[in-house]
Amino acid sequence: MDLLFELMDYFFMLIILSLSVYNIYIKGNDERIWAKVGEEQVESIKSSIQFLCFGGINSFFGGYIFGLEWLYWITFYSVLVMIICFESIHRKRSTRIGMVVVVIAIFMILRVPNHPGSFEDHINSMEGYQCLYGLECVKIGTSDTEDDTFEIVTNVFMVQRNSYDWYILFAKAAITLEDDEGNVEEIRGLNIAGFWNDY
């Protein structure tokens, strides 16, 4: 069954790739877009915008279908450079700045996760912690022994409280852990544009 879903992902990506090649390179472009621009500028910018459009579309869908988050960065930079190219043709600086701000805001919104699983993945990526299913976490550390060697120490914490708040442009999460001896630890995180930071 997993193989079937994987093949469907590749099939959908192949369709998206084919449609973008057809629409961008084969079908042709709307000449009204380029009507106000001189011939020399059109030829130098047109191929760049086609390349950026192709890369942006396929990177976005590739990142979405295959779960490769770094592909979203290619989409982001492609759209940003396309806006700059279009606006440099028309020489409207204020519009360019506004469009760049809008693209950055949309990118930040799309990158902020709206589910608590992302925070658990962040905790698991931290050195020394491993959490399972939001129920318990294991803290792995080292301690010195009497004969000057290191020994690995594990401490199991039960999850007492788990919170996740999504605020469109950013997200906040916190988890409170308690072990058998009553020691309490709290891990808090702030997500901006898809990146977790501890606070």
Cα-based equivalent ellipsoid of the range 57-199: semi-axis lengths in Å, sorted from largest, via gyration tensor: 43, 16, 13
Please list 142-148, 9-15, 103-109 highest first by mean number of surrounding beta-carbon atoms within 10 Å per residue. 103-109, 9-15, 142-148
Below 19 Å, Cα to Cα, which aspartates and glutamates can LYS46 reach? Residues fewer than 8 away in the same chain don't count. ASP30, GLU31, GLU87
Using a simple charge model, +1 on the beta-carbon of Lys and Arg, -1 on the beta-carbon of Asp and Glu, nothing else, what dipole does the range 80-199 show about its Cα centre, in debye to the nearest 20? 1940 debye
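First measure r as the distance between the Cβ atoms of ALA193 and MET126, then evaluate 1/(1 + (r/R0)^6) with R0 = 22 Å and state the FRET efficiency to the nearest 0.05.
0.70
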Using the heavy atoms of the protein chains and a 1.4 angstrom probe, tell me the accessible area per residue for the range 68-199 in square angstrom. 65 Å²
For TYR77 and VAL101 in one chain, what is 0.36 nm times their gap in residues minus the Cα-Cα distance, to one decimal in nm? 7.3 nm
Could you pull out which residues in the range 178-197 have an amide N less than 17 Å from a spot 7 Å beyond the Cα of ARG161, following the Cα-Cβ vector? 178-179, 182-190
Any chance you could run the full-extension gain for ILE84 through ASN114? It's 0.36 nm times the residue separation minus the Cα-Cα distance, nm to one decimal. 7.8 nm
Using +1 at the C-beta of Lys and Arg and -1 at the C-beta of Asp and Glu, which of ILE123, VAL184, VAL156 has the Cα lying farthest in the positive direction of the dipole of the range 92-199? ILE123
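The values are calculated or read from the model by the stated rules, or taken from the named source; none is laboratory data. Bear in mind that the values here come from a model prediction, so they are computed numbers and not experimental data. Note that we place each Cβ from the backbone using ideal geometry, even for glycine, and neighbour counts take in every protein chain shown. Side chains included, ligands, DNA and RNA excluded: accessible areas come from the protein's heavy atoms. Shrake-Rupley method; radii C 1.70, N 1.55, O 1.52, S 1.80 Å.
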